[in-house]
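One structure below.
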Amino acid sequence: MTDNKSYTLGEIAELLNIKLVGDQLCEIHGLGTLKYAAPGQLTFLSNPSYINQLSSTKASAVIVEEKYVNLYSGNALVSENPYVSFAGATALFATPSKVELGVHNSAHVHDSAQLAENVSIGPNVVIEEGVCIGVNTTIGAASFIGKGVILGDNGCLYNNVTLYHGVTIGRDVIIHSGAVIGADGFGFASDRGKSIKIHQLGSVEIGDDVEIGAGTTIDRGAIDNTVIEHGVKIDNQVQIGHNCVVGAHSVICGCTAIAGSVTIGKHCVMGGASGAVGHITIADKVQVSAMSLVSGSIKEAGLYSSGTGHMRTGDWKRNIVRFAQLDSITKRLKELEKKS
Amino acid sequence: MTDNKSYTLGEIAELLNIKLVGDQLCEIHGLGTLKYAAPGQLTFLSNPSYINQLSSTKASAVIVEEKYVNLYSGNALVSENPYVSFAGATALFATPSKVELGVHNSAHVHDSAQLAENVSIGPNVVIEEGVCIGVNTTIGAASFIGKGVILGDNGCLYNNVTLYHGVTIGRDVIIHSGAVIGADGFGFASDRGKSIKIHQLGSVEIGDDVEIGAGTTIDRGAIDNTVIEHGVKIDNQVQIGHNCVVGAHSVICGCTAIAGSVTIGKHCVMGGASGAVGHITIADKVQVSAMSLVSGSIKEAGLYSSGTGHMRTGDWKRNIVRFAQLDSITKRLKELEKKS
Amino acid sequence: MTDNKSYTLGEIAELLNIKLVGDQLCEIHGLGTLKYAAPGQLTFLSNPSYINQLSSTKASAVIVEEKYVNLYSGNALVSENPYVSFAGATALFATPSKVELGVHNSAHVHDSAQLAENVSIGPNVVIEEGVCIGVNTTIGAASFIGKGVILGDNGCLYNNVTLYHGVTIGRDVIIHSGAVIGADGFGFASDRGKSIKIHQLGSVEIGDDVEIGAGTTIDRGAIDNTVIEHGVKIDNQVQIGHNCVVGAHSVICGCTAIAGSVTIGKHCVMGGASGAVGHITIADKVQVSAMSLVSGSIKEAGLYSSGTGHMRTGDWKRNIVRFAQLDSITKRLKELEKKS
C-alpha cells in the first residue's frame, strides 16, 4: 500500500533533516528491513547486533549512525538516532485511507456543533449537540461523537469510534476503530445482595499526541475525570478503569487491564496483557513485563514482573502441586535447619 | 457534565427517603468525595477509615450512618447504608446523552418489528424482522438488533451495540458501546487436522437489571442457550463463552475470560482479568482475585487466587528458575528429612 | 432459532453421507445432547465416557461409531467420526440472520469497487475505492471495507466489522461483529522520552476458511504483512500484533494476546487468555494451556503451561510470600545438603 510514492535520496535527506553520504538522485520507492529490503528501498541500522547485515543488504540506502558509516559502502543517511529517522521515513511513505474533506451527506451533525476548517466527516457519523471539532480533524464512518465532546486539531478517528458525552480530547490524537472512550465506570453499591448503580458523573480527558488502539476502552470517572496525559500511547484492547491517571509519555501494550483509580507515572511501560489492581500508584519510569499483575503500589522506577515462565505442562503440573505446598515446604526446611 | 442540576437538601432527603439533620434549604449542585468536595456539593462517609476527614471536608452536606452523626457539625443526611444512598444521589445528578424520542428517520426498522410506546431509536440503527422492543427502551446510533430479538422495557443500549438474531433480554438492562451479544460460540470438530464448524444453534438469554460493559462479548450456545441471570453486572471487554450460566447478582470485572460451558453461581465476583477454564462449576459466593485462573470447579464459597504477586524483575527471574525446579527441590528436601 | 426446519433421517443420512440403521422416515426437527435431547431430535456419541447415556436418551436418533451400534436399540447414523458428522448436522439446522441479496440503498459503495455476483451488502455499509468482493459474499450492517481491500468468495462478515485499507482476505471466511483487521501495529521510536510513530506500511493477509471472532483485532504489519494462514480459527477478543504469522489450521481461543512478530506454527492451539511475548517462534503442534504466557520460543511440539492453579486466597498469600523467597530457600537447602 505504498501507492508508488517515491523520493530521491536528496529529498529524503532534506525532509528528515539528516546528512546524505552518497547519490542524491538515487530513487527510493519504499522501505524495507536490512535483511529483506530490495533495490530501490531504504532501510536502517539501529540495533548494533545487525551490523553484519550491512554488507549484504540489497537496499539502495541505509540510515546509520555516524560511527558506522565507514562500515557501509553504499548510500548512507547519517542520523543520531536511525530508528527515529526511520520513523520519519515511514511517514513519507504512509498512504492511509483518507476520509474525504467536508461533511458526508449521510452524516448527522447537530446544528449546534462547531466544526473548524478543513474537517473531514465520514459517512453515517453522528455528532451530537454542542460538540467542537478542531481544524484538520478526520472522523471515520459510523463514529459517534456524544453531546458536548471537545476534539482538538489534527485528530484522526477511524471508523466506528465512540466518544461518550463530555469527553475532551487534545490535538494530534489518533483513535482506532472500535475504541470506546467515556463509557460508564464500573461502580455499584451493594444493597442486600443487589448491585445499585453509581452513576458516573465524571468524564475522560485525553491530552495531546495520544494514540489509542482498536477496541480499547477508557471509562469515564465516577465523580472526577479519568485522565490520559500528553504523549501516551495505548495499544489495542486495553481497558482503563474509571478515575485512572496515566502519566505523560507512558506506553500501554495490548490487552492490558487497569482497574479503577490507578495512577500510573510518566514514561512507564505496561507490557502486553499486564494488569494493575485498583486504587494503587505506580511511580514514574516503571516497566511491567508481559502478563504481569501489579498487585500493589510501586514506589521506585525499575522493571517488575509476576507469574512464571512457560514450561512443559507435565513438569508444570508437578511444580504447581509443590507451589501449593510452598509454605509448608519452607517450614520443613526451617525445621531441618534447626536440627542441623 | 452535571448540566447545572441542583436540589435543596430537603428535596434530596425526600427523594432518597432518608432523614436530614440540618438546613432544608441548603442548595446542592453536585457530588464530591469527602476529601475534594467543594461547598455546594454533597458527599458521603461509608468507609470508617475516612472518619477523620469529616471535620475538614468542605462539602455542604454528608451522608452518614446514624452512629457518626455526632462526629459531624454540618448538614447530615442519615442513612443505614450511606454508599447506597450516595448511589441514589448519583442518579439525581446524572445527565447521560439521550437518544431523541421516536424512530430516527435514518433508522432501518423492519415492518414486522414491534416497538412499544416511548421507544427511542437513534440514527442508523438496524432492526430486523420480528424484533420486539419494550416501553421506554432507548437504542443508540448504529446499533444492530437481529432477527427475532426480544428486548425488554426500560432498556438502554448505547451506540454500536450488536444483538445477533434470537437473543432475548429482560427489562432495565444497560448495554454499552461495542458489546456483541450472541455471536457464534467457538466450536469445531477436528477432522484430520481441519476444524469443521459446529453451527451454534442456541441463543443468549439475559435477565432483568443486567449491565454489560463496552466491548464485552457473550456467545450464543451450541445447542442450548447461554444464560445471564437477573442482576448480573459485567464490566468492559469481558468474554463469556457459549453455554455458560452466570448466576444472579454476580459481578464480573473487566477483561475477564470465561471459557465455554462454565456455570458460575449467584453472588460471585470474578476479579479483573480473571479467567475460568471450560466445563466447570463455581459455587455461589465465590470471589476470584484479579488475573487469577479458575483451573477447576470450586465447590465452596470463599476467596480464591492463582498466580504470584509482582516483584523486581531481577528477583523474579531468579525465583522462576527455582519454580521450574520446585518438584526436584521438594524431593531433595525429602531426602534430607530422611537422613536427619 | 431452528425455524422449524425438519428432515427425515433418510435425508440426513444422505446429506451427511453416512449409513442409517433404522427408520428412514423418522422426522428430525432439531439437535440435542445425549442427556437432554427430546423426541424428534438427533444427537451423537463422540466421547466414550457417555456410552451409558445411550440407553436412556430420548433422542429419536444417535450418530455413533460402527463399534457402538449394537449398544443402541434406536435409530443410528453410523459415522467414522460422529462429532464431525454432528458438525455437518448443525449446518443443516442453522438459520443465521441473512443480509438481503443485493446492495442496500443506504450502503455507500465507491464507483470503482467490483462486486461479484450474488453479493449481499447490508444497510450503512461503506465500501471504498478499488475494493473487490467475491461471489456470494455477505457484508453486515455498518461494516467498513477500506480502500483496496480484496475479499474472497463465500465470505460472511457480520455487522460492524472493520477492514482497514489494503487488507486481503481469502474465500470462505467468517468475521464476527466488532472485529478490526488492519489497524496500525503498535510501533514507536523513542526520541528523548517521546514516542515517534512508525507508520505501518504493511497490511494483513488472511487465507481461506478462516473464522475470526467478535471484537478480535489483527494489526497490519510495519513493513511486511501480518499473515493468517488457511483454516485458522480465532475466537473473540483475540489480539494479534503486527507481523505475526499464524500457521495453517491453528486455533486461538478467546482473549489471547499475541505480541508483534510472533510466528506460530501449524496446528497449534493457544488456550483461552494465553499470551506470547514478541519476536519468538512457536513450533507446529504446540498447545498452550489457558492463561499461560509463552515467554520465549518453543522448538518442539507438545503441551506447555505457565502460572499456577487456583487455591484459597489465604493459602495462596502464604505461598506467594515463599515464592518471592524461592531462590534463597533453594540456597538454604543447598547449604543443608552440604552439611548432611
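The values are calculated or read from the model by the stated rules, or taken from the named source; none is laboratory data. Bear in mind that the values here come from a model prediction, so they are computed numbers and not experimental data. All Cβ positions, glycine included, derive from the backbone under ideal geometry; neighbour counts span all protein chains shown.
Of the residues C:Ile240, C:Ile223, the single one that is modelled with pLDDT of 95 or more and on the phi < 0 side of the Ramachandran plot is C:Ile240. Being within 7 Å of chain C (Cβ to nearest Cβ), out of contact with any Lys or Arg (no Cβ under 8 Å at 6 or more places or on another chain) and buried (at least 24 other Cβ atoms within 10 Å of the Cβ): is that true of B:Ile198 here? It is true that B:Ile198 is within 7 Å of chain C (Cβ to nearest Cβ), out of contact with any Lys or Arg (no Cβ under 8 Å at 6 or more places or on another chain) and buried (at least 24 other Cβ atoms within 10 Å of the Cβ). For the range A:134-171, the candidate set comprises residues that are under 25 Å from B:Asn105 (Cα atoms) and aliphatic (A, V, I, L, M); within that set, the residue that is surrounded by the most Cβ atoms within 10 Å (Cβ to Cβ) is A:Ala142. The lone criterion from (1) of a type in the set (Val, Ile, Thr); (2) in contact with a His (Cβ under 7 Å, 6 or more places away or on another chain); (3) surrounded by fewer than 21 Cβ atoms within 10 Å (Cβ to Cβ) left unmet by C:Val103 is number (2).
Residue check: A:Tyr50 meets all listed conditions (1) away from chain C (no Cβ under 14 Å); (2) outside any loop (DSSP other than H, G, I, E, B); (3) modelled with pLDDT under 95 but one, namely (1). Here B:Ala189 passes the criteria (1) without any contact (Cβ under 8 Å) to a residue 40 or more places away in the chain; (2) part of a loop (DSSP other than H, G, I, E, B); (3) not β-branched (Val, Ile, Thr) except the one numbered (2).
Among the residues in the range A:83-92, are any within 14 Å of chain C (Cβ to nearest Cβ) and assigned to a loop (DSSP other than H, G, I, E, B)?
In the first step, residues of the range A:83-92 are kept if they are within 14 Å of chain C (Cβ to nearest Cβ); the result is A:83-92.
Remaining after also requiring assigned to a loop (DSSP other than H, G, I, E, B): none.
So far as the range A:83-92 goes, no, none of its residues is within 14 Å of chain C (Cβ to nearest Cβ) and assigned to a loop (DSSP other than H, G, I, E, B).
Of the residues making up the range C:167-184, not a single one is touching a helix residue (DSSP H, G or I) at 6+ places or on another chain (Cβ under 8 Å), touching a residue at least 12 places away in the same chain (Cβ under 8 Å) and within 10 Å of another protein chain (Cβ to nearest Cβ). Each residue in the range B:5-42 was checked for being free of Cβ contacts under 8 Å to residues at least 40 places away in the same chain and not in a loop (DSSP other than H, G, I, E, B), and 7 pass. When you check C:Asp184 against the structure, is it buried (at least 20 other Cβ atoms within 10 Å of the Cβ), at pLDDT 95 or above and not in a strand (DSSP E or B), yes or no? Criteria met by C:Asp184.
Taken over the range C:128-147, the criterion of being within 7 Å of chain A (Cβ to nearest Cβ), assigned to a loop (DSSP other than H, G, I, E, B) and over 12 Å from C:Ser177 (Cβ atoms) is satisfied by C:Glu128, C:Gly146, C:Lys147. Total residues in the range C:143-202 satisfying the condition of being in contact with a Gly (Cβ under 6 Å, 6 or more places away or on another chain), within 21 Å of A:Val210 (Cβ to Cβ) and polar (S, T, N, Q): the figure is 1. From the list C:Leu201, C:Leu163, the one residue that fits, being assigned by TED's automatic domain parsing to the domain that holds C:Val126 and in contact with a helix residue (DSSP H, G or I) (Cβ under 6 Å, 6 or more places away or on another chain), is C:Leu201. Residues in the range B:96-105: is at least one among the basic types (Lys, Arg) and in a loop (DSSP other than H, G, I, E, B)? Looking through the range B:96-105, at least one residue is among the basic types (Lys, Arg) and in a loop (DSSP other than H, G, I, E, B). If you go through the range B:53-70 and keep only what is in contact with a strand residue (DSSP E or B) (Cβ under 8 Å, 6 or more places away or on another chain) and not in a loop (DSSP other than H, G, I, E, B), you end up with B:Ala61, B:Val62, B:Ile63, B:Val64, B:Glu66, B:Val69. Does the range A:271-302 hold any residues that are at the interface with chain B (Cβ under 10 Å from one of its Cβ atoms), farther than 16 Å from C:Leu293 by Cβ and more than 19 Å from the chain's Cα centre (by Cα), and which are they? Scanning the range A:271-302 gives A:Val277, A:Gly278, A:Ser295, A:Gly296, A:Ile298, A:Glu300, A:Gly302. Taken over the range B:192-208, the criterion of being in contact with a strand residue (DSSP E or B) (Cβ under 8 Å, 6 or more places away or on another chain) and in a loop (DSSP other than H, G, I, E, B) is satisfied by B:Ile198, B:Leu201, B:Gly202, B:Ser203, B:Gly207. Of the residues making up the range B:117-127, those that are of a type in the set (A, V, I, L, M) and part of a loop (DSSP other than H, G, I, E, B) are B:Val119, B:Val125.
In the set (1) farther than 30 Å from A:Gln239 by Cβ; (2) more than 7 Å from chain A (Cβ to nearest Cβ), B:Gly314 fails one condition alone, (1).
When A:Gly275, A:Gly309, A:Gly302, A:Gly271 are screened for being crowded, with 17+ Cβ neighbours inside 10 Å, at pLDDT 95 or above and touching a Gly at 6+ places or on another chain (Cβ under 9 Å), only A:Gly275 passes. Scanning the range C:56-99 for residues that are over 30 Å from C:Ser120 (Cβ atoms) and of a type in the set (A, V, I, L, M, F, W, C) turns up C:Ala59, C:Ala61, C:Val62, C:Ile63, C:Val64, C:Val69, C:Leu71, C:Ala76, C:Leu77, C:Val78. Taken as a whole, the structure places C:Ala76 among residues that are away from chain B (no Cβ under 13 Å) and at pLDDT 95 or above.
Comparison of A:Asp153, A:Asp209, A:Asp191, A:Asp219 shows that the only residue that is of a type in the set (D, E, K, R), within 29 Å of A:Thr256 (Cα to Cα) and at the interface with chain B (Cβ under 8 Å from one of its Cβ atoms) is A:Asp219. Annotation note: of C:Ala283, C:Ala290, the sole residue that is of a type in the set (A, V, I, L, M) and either touching a helix residue (DSSP H, G or I) at 6+ places or on another chain (Cβ under 9 Å) or over 24 Å from B:Gly187 (Cβ atoms) (or both) is C:Ala283.
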